[in-house]
Amino acid sequence: MKAVKVLGPGCARCAATADLVRSEAARLGVEAKIEKVTDYAEIAKFGIASTPGVAIDGKVVHAGGIPTREAVEAWLKA
């Protein structure tokens, strides 16, 4: 199971990113636990400067803006 954290203050882009990851995981049949992290101190621990960010299994794979569907697919298949 992939542990996915969507990092951001809860803005519309963060919600859209979480929805995109959730829908891609379902489409690909990948089990994923998706968690939204909105606490600024917790987000800072990941070292990103712009949100939304995405961390999969503890590794930051994206920061700033909504990722593409193709990028999310690649992260979930890795």
Task: Eligible aspartates and glutamates near Lys77 by straight Cα distance, threshold 17 Å, same-chain separation 8 or greater - done: Glu24, Glu31, Asp57
Open item on the list: Suppose all protein chains stay in the model; what accessible area per residue would a 1.4 Å probe give for the chain, in Å²?
Closed with: 55 Å²
Task: Mean Cβ neighbour count within 10 Å, used as a protection proxy, ranking 12-24, 33-45, 56-68 highest first - done: 12-24, 56-68, 33-45
Task: Descending semi-axes in whole angstrom, ellipsoid equivalent of the chain, from the Cα gyration tensor - done: 19, 12, 11
Task: Karplus-derived 3J(HN,Hα), 6.51/-1.76/1.60, for each residue of segment 61-78, Hz, glycine and proline x - done: 10, 7, 8, x, x, 7, x, 7, 4, 5, 5, 4, 4, 5, 5, 6, 7, 5
Task: Debye, to nearest 20: dipole size of the chain, +1 on Lys, Arg Cβ, -1 on Asp, Glu Cβ - done: 40 debye
Task: For Leu7, distant residues with modelled amide H under 5 Å away - done: Val37, Gly53, Val54, Ala55
TODO: Give the long-range amide H neighbours of Lys2: residues separated by 5 or more places, or on another chain, with amide H under 5 Å away, using H modelled in the peptide plane at 1.01 Å from N.
DONE: Glu31, Ala32, Lys33
Task: Lys77-Lys45 pseudo-label distance in nm [points 7 Å out on the Cα-to-Cβ vector] - done: 3.2 nm
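The values are calculated or read from the model by the stated rules, or taken from the named source; none is laboratory data. Please read these numbers as outputs of a predicted model, since none were measured by experiment. Neighbour counts are summed over all protein chains in view; Cβ atoms, including those assigned to glycine, are modelled from backbone coordinates with ideal geometry. These accessible areas exclude ligands, DNA and RNA; they are computed on the full protein's heavy atoms, side chains included. Shrake-Rupley method; radii C 1.70, N 1.55, O 1.52, S 1.80 Å.
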